[in-house]
Amino acid sequence: MNKNLQFHLRAEEMPTHWYNLLPDFPEPMPPPLHPGTKQPVGLADMTAIFPENLVMQEMSPDRYIEIPQEVREVYALYRPTPLLRAVRLEKTLQTPAHIYYKYEGVSPAGSHKPNTAIPQAYYNKLAGTKRLATETGAGQWGSSLAMACSVFGLECNIYMVKVSFHQKPYRKLLMQTYGATVHASPSTETEFGRKVLAADPDSNGSLGIAISEAIEDTVKTPGTKYALGSVLNHVCLHQSVIGEETLRQMAMAGESPDVIFGCAGGGSNFAGIAFPFVREKIAGRAKCRIVGVEPASCPSLTKGELRYDFGDTAETTPLMMMYTLGHQFMPPSIHAGGLRYHGMAPMVSHCKKLGLIEAVAVPQMKVFAAGVLFARSEGLVPAPESSHAIAAVIDEAIRCREENQKRVLVFNLSGNGLLDLAAYESYLTGKMHETGNDD
Ligand SMILES: *Cc1c(COP(=O)(O)O)cnc(C)c1O
């Protein structure tokens, strides 16, 4: 074991390829279906909202896909990201466990999301797209796509879930700083938004509603394509750089993980750290447990049903086979806005079905207690989403102490919480409830 606390790859050691888990599944994944015909969707169905080059990636049977040079040059703004050992947290918990975290909060937007925003903007630019429309929850995806659009010279139009629009004004300002246009969703910009507002003028919004608005905008505005920050296969693919780097960094640390954790909203940062290790498990080269951690108030993996469901509220997306709480599910307005999604990435869902991964759910107060403990031990303030993984890691580290077992725990710290301090305020001042917002 290496006694260093930081494990850095050199610039030239950045992965040159994304890893696609699809061809390695021991059992094929059920395809997305056209909601009308119930037949597998074809290229033509998808190219109405996505450029063809990304649709090809979405359906690609190739195990490795080369990362274009132009994308690697932008990744180089913050990649490779560091792996750190949290020895102070280990001490605080008096655990024999070794705790490592892969830190994706060093990206310009502060989360893992630029890993897919950058290639999505790049492939759209290549395909002649002029403008991208998207939705955002807490604003991490919106700010990541806004950043990527400014790099590649695309317009960016964002529907931001209304509760976050008001709770997180700084993320909105970040998007505007990058040159994007931001609407509170449900908005009056789209027919669907107006319909939701007519039924419920005080609607807090949801990711499902915002996705429907962004898709309607895409279909109705020439030169526009849609970009999604999670859930889809090509998003999980792009995020695989996280796990590929982590594999090499754990080798530098001279240890191999016993348990890997990632928080799971739509599933992409979890997929990012997990899938390269799932590959190793399937190939018999690794034995680790891999755990997705979700909010108790939006528990798609632990309490949802595995079935075909829509990705949005207005029923405009293809039907995807996934763990879902139902596309009409309205999650309470917890502070981890990035985890308020009714479904789970089909690839992550398939992993769960095949027993390649597990899932746990944690309640909000416990999540914030974990985030604060982490900040006070390690100095880094995690995003509330990432604190879900930390809460599960702390539980496991305590079990290690009770069983007197040294296990190696690795988690993805998907983003920093510097723009989430209002949520910390709510916790620190005792205003936070277990579900929903403050009083
Ligand atoms: C968006 C976000 C998440 C949740 O999205 P996934 O697709 O599940 O990864 C988690 N952490 C942070 C910091 C985020 O911004």
Residue that is least open to solvent (accessible area, probe 1.4 Å), among those in the stretch 162-187 that are modelled with pLDDT under 95 and among the polar types (S, T, N, Q) = Ser164
ask   = Is there a residue in the stretch 234-244 that is more than 8 Å from the ligand (Cβ to nearest atom), among the hydroxyl-bearing types (Ser, Thr, Tyr), at pLDDT 95 or above and under 24 Å from Lys125 (Cβ atoms)?
value = yes
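Residues checked against (1) at pLDDT 95 or above; (2) open to solvent by less than 30 Å² (accessible area, probe 1.4 Å); (3) of a type in the set (Gly, Ala, Ser):
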| site | (1), (2), (3) |
| --- | --- |
| Pro32 | yes, no, no |
| Lys38 | no, no, no |
| Arg63 | yes, no, no |
| Ile118 | yes, yes, no |
| Leu126 | yes, no, no |
task = Please indicate, with yes or no, whether at least one residue in the stretch 275-283 is over 26 Å from Val55 (Cβ atoms), at pLDDT 95 or above and open to solvent by less than 20 Å² (accessible area, probe 1.4 Å).
result = yes
ask   = Looking at Gly371, Gly379, which one is of a type in the set (Gly, Ala, Ser) and open to solvent by 40 Å² or more (accessible area, probe 1.4 Å)?
value = Gly379
message = Condition first: closer than 30 Å to Leu9 by Cα and in contact (Cβ under 8 Å) with a residue 40 or more places away in the chain. Can you find one or more residues in the stretch 294-301 that meet it?
response = yes
request  = Take Ser333 and decide whether it is surrounded by fewer than 23 Cβ atoms within 10 Å (Cβ to Cβ), within 20 Å of Ser230 (Cα to Cα) and more than 17 Å from the chain's Cα centre (by Cα).
outcome  = yes
query = open to solvent by 20 Å² or more (accessible area, probe 1.4 Å) and of a type in the set (Val, Ile, Thr), is that true of Thr246?
reply = no
Filter result for Ala214 (surrounded by 24 or more Cβ atoms within 10 Å (Cβ to Cβ) and either modelled with pLDDT of 95 or more or aliphatic (A, V, I, L, M) (or both)) = yes
ask   = Within the bounds of the stretch 287-295, is there any residue that is within 16 Å of the ligand (Cβ to nearest atom) and either open to solvent by 30 Å² or more (accessible area, probe 1.4 Å) or part of a loop (DSSP other than H, G, I, E, B) (or both)?
value = no
message = Take Ala375 and tell me if it is modelled with pLDDT of 95 or more, assigned to a helix (DSSP H, G or I), closer than 17 Å to Val87 by Cα and within 16 Å of the ligand (Cβ to nearest atom).
response = yes
message = So, Arg279, is that one in contact (Cβ under 8 Å) with a residue 40 or more places away in the chain, within 28 Å of Gln405 (Cβ to Cβ) and either away from the ligand (no atom under 16 Å from the Cβ) or more than 19 Å from the chain's Cα centre (by Cα) (or both) or not?
response = yes
ask   = Among the residues of the stretch 350-367, is any more than 16 Å from the ligand (Cβ to nearest atom) and either within 24 Å of Arg88 (Cα to Cα) or touching a His at 6+ places or on another chain (Cβ under 7 Å) (or both)?
value = yes
query = What number goes with the only condition from (1) open to solvent by 60 Å² or more (accessible area, probe 1.4 Å); (2) in the same structural domain as Lys281 (by TED's automatic domain parsing) that Val87 does not pass?
reply = (1)
key: Test for His112: is it of a type outside the set (D, E, K, R) and more than 14 Å from the ligand (Cβ to nearest atom)   = no
inquiry  = Criterion first (at pLDDT 95 or above, in contact with a Leu (Cβ under 9 Å, 6 or more places away or on another chain), open to solvent by 10 Å² or more (accessible area, probe 1.4 Å) and over 26 Å from Ser414 (Cα atoms)) does Lys220 satisfy it?
reply    = no
Residues located in the stretch 130-158, provided they are open to solvent by less than 10 Å² (accessible area, probe 1.4 Å) and either of a type in the set (Val, Ile, Thr) or on the phi > 0 side of the Ramachandran plot (or both) = Thr134, Thr136, Gly139, Ile158
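The values are calculated or read from the model by the stated rules, or taken from the named source; none is laboratory data. Since the structure is predicted, the reported quantities are computational estimates derived from the model, not experimental observations. Every residue, glycine among them, receives a Cβ derived from its backbone with ideal geometry; neighbour counts consider all protein chains shown. These accessible areas exclude ligands, DNA and RNA; they are computed on the full protein's heavy atoms, side chains included. Shrake-Rupley method; radii C 1.70, N 1.55, O 1.52, S 1.80 Å.
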